[in-house]
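To start, the structure itself, in structure tokens.
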Amino acid sequence: MLSRDPEDLALLMREIDRRYGADYDVGAWSDAESALEDLRRLHERGRQVVLVLASQHDSDRGVEFLAQVRAIDPHTKRAAVLRWGDFASSMLVIEALGRGELDHWVLRPEFPADEEFHHAVTELLGEWAGAGRPRYEAVQIIGEQWSPRSADLRDQMNRNSVPAGFYDSESDEGRALLTAHGTDAATAQLPVVILQFRPDLRPLQNPSDEILGDAFGVNITLDADRRFDVTVIGAGPAGLAAAVYGASEGLDTLVIEHHAVGGQAGTTSLIRNYPGFPAGVSGTRLANTMYRQAWGLGARFFFMRSVAALREGRPGELAVELSDGTTIRTASVVLATGVSYRRLNAPGVDELVGKGVFYSPAVTEVAAIIGQPVVVVGGGNSAGQAALHRGYASHWASTPRARLGTRHRSGHRGRASVRGPVRVDRVATANRVATGDSRARRVGVRPHGSRRGSRRRNHYLVEHARRLRRGRRATGIDEARCLRGRRRRSRHQSGSPIPRRPGPHRERTINELIADHSRQQTP
């Protein structure tokens with residue numbers, strides 16, 4: 001904690017030490033230079049600084065101090081402390097939030113056990129704990145670091161808010177875990193998944209998504225005679241919102257999700273424009289909150305299953321056929337299949353997906369790329385958030401013509417300079433990816449207007465170009481069970497925008513839509 005005002009410092013010290021002193025070491029400074037020097041010393045010793053609070057009022061320049069703390073340890077949470085009614089300082093703090101110079105702001109505690117203050121502090125502590133390796137591992141995964149299936153399992157666990165630990169099968173820890181659970185490391189089919197909360201189960205060797213979903217025990221038992229009022233296909237923000245509203249109205253609601261709750265939003269490190277979260281919220285936290293809300297209202301979920309077909313069932317009913325052969329009876333269906341990523345048309349990319357190439361912000365891969373060069377291909381909001389979230393790695397961002405995060409008004413490009421050494425190249429296109437040691441090692445780029453390609457040495461390629469699949473937007477189901485929608489023209493392959501005008505009106509059967517969606521989800 002930092003403040004030049006003795007009263008502020010005493011109030012903060014009293015509240016923090018009394019509530020958190022048993023679990024954390026607490027320190028207080030009245031001088032910024034001394035505080036920075038001590039923080040550098042702690043960092044050099046390998047001590048983790050969880051949270052830094054700095055007062056912003058009159059002579060206190062907490063915002064400037066917190067910006068310097070970021071350079072010492074990017075993992076440390078930083079919050080400015082404001083006094084009630086100090087609106088001039090509030091504006092400075094809000095601007096600093098937009099520039100990425102701090103994570104949050106809190107109001108100064110005005111009385112003992114000020115729970116509003118402590119609620120903000122515990123949220124910051126929770127965010128810090130959630131970003132690191134969990135202390136309790138409900139699931140342990142042993143596999144090859146650069147295996148696509150290992151990467152997929154890490155992503156599933158993170159997005160479903162399952163505390164999981166990953167161990168390289170070549171490491172001593174990985175071998176020891178396999179031996180301790182009676183699995184031969186030489187013959188095991190990787191990845192191996194150990195469910196610590198299910199001691200009755202043997203380790204699962206290279207389990208399919210369906211086996212994993214059943215092993216968790218979260219899927220409901222579907223009675224052949226049960227008829228749902230609403231079945232929601234997809235558990236992204238739209239699907240979860242539909243589940244919340246349906247269940248709150250007393251409708252028997254089922255949600256089917258083939259991968260993880262949250263959809264594309266669940267891969268986002270920070271969402272700044274979602275109502276109700278003034279300092280932003282991670283996609284994982286938002287999705288988990290909506291999931292628990294829908295569950296609490298009575299909605300039920302069926303995970304790790306895809307929809308194979310949708311057809312007419314009994315009179316007044318639809319039949320939803322799942323990938324495992326299960327048939328669900330329902331009176332209505334809400335299609336919330338969300339978005340998919342546009343694939344990068346460059347030689348070498350498809351073979352390296354999951355081996356250093358990721359079609360999402362890949363929050364779970366941060367630990368493996370600290371200090372490594374990273375290439376972010378794409379110039380939209382996802383690319384900007386990827387650069388910011390991994391700001392403590394050495395980045396080289398390649399964006400096609402458009403400016404980095406131009407559609408995001410929180411200023412991705414300006415914040416990138418605060419978050420870390422990010423180079424932004426606005427006139428280059430990635431045109432090939434080369435391998436080394438069975439993973440992505442080199443990315444070829446071609447400057448716009450040049451016929452000759454150039455090579456840049458990089459260890460990872462993270463592709464974030466996104467395309468919303470708006471062309472098949474549902475507008476209603478007629479008596480023939482056909483989906484009506486308007487096709488929209490997408491962008492040119494070069495990335496230059498074109499006017500989006502409604503195209504010719506056409507009909508697509510629901511089965512065509514489901515089949516098309518299944519093809520999009522196939523790696």
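The values are calculated or read from the model by the stated rules, or taken from the named source; none is laboratory data. For clarity, every value in this text was computed on a predicted model and none was experimentally measured. Here the Cβ is made from the backbone with ideal geometry for all residues, glycine too, and neighbour counts use every protein chain on show.
Looking only at residues in the range 71-102 that are without any contact (Cβ under 8 Å) to a residue 24 or more places away in the chain and over 16 Å from Ala279 (Cβ atoms), the one that is surrounded by the most Cβ atoms within 10 Å (Cβ to Cβ) is Ala71. The strands (runs of 3 or more DSSP E) found entirely in the range 281-388 that carry 2 or more residues being among the β-branched types (Val, Ile, Thr) and either more than 18 Å from Leu270 (Cβ to Cβ) or at pLDDT 90 or above (or both) are 327-330, 333-335, 373-377.
Report those helices (runs of 4 or more DSSP H) wholly inside the range 107-190 carrying at least 3 residues which are surrounded by fewer than 14 Cβ atoms within 10 Å (Cβ to Cβ).
115-131, 172-180
Can you find even one residue in the range 312-335 that is within 25 Å of the chain's Cα centre (by Cα), surrounded by fewer than 22 Cβ atoms within 10 Å (Cβ to Cβ) and among the hydrophobic types (A, V, I, L, M, F, W, C)? Scanning the range 312-335 turns up at least one residue that is within 25 Å of the chain's Cα centre (by Cα), surrounded by fewer than 22 Cβ atoms within 10 Å (Cβ to Cβ) and among the hydrophobic types (A, V, I, L, M, F, W, C). Residues of the range 24-41 that are crowded, with 16+ Cβ neighbours inside 10 Å and either in a helix (DSSP H, G or I) or not assigned by TED's automatic domain parsing to the domain that holds Ala10 (or both): Ala32, Ala35, Leu36, Leu39. Of the residues examined, Val255 is one that is in contact (Cβ under 8 Å) with a residue 12 or more places away in the chain and outside the structural domain of Ser147 (by TED's automatic domain parsing). Scanning the range 285-294 finds one or more residues that are in contact with an Asp or Glu (Cβ under 9 Å, 6 or more places away or on another chain) and more than 23 Å from Thr221 (Cα to Cα). Of all residues in the range 103-152, exactly one satisfies the criterion of being under 22 Å from Gly280 (Cβ atoms), in contact with a helix residue (DSSP H, G or I) (Cβ under 6 Å, 6 or more places away or on another chain) and free of Cβ contacts under 8 Å to residues at least 60 places away in the same chain, namely Val106.
If you take the residues of the range 202-236 that are of a type in the set (A, V, I, L, M), in contact with a Leu (Cβ under 9 Å, 6 or more places away or on another chain) and within 27 Å of Arg314 (Cβ to Cβ), which of them is surrounded by the fewest Cβ atoms within 10 Å (Cβ to Cβ)?
It comes out as Ile220.
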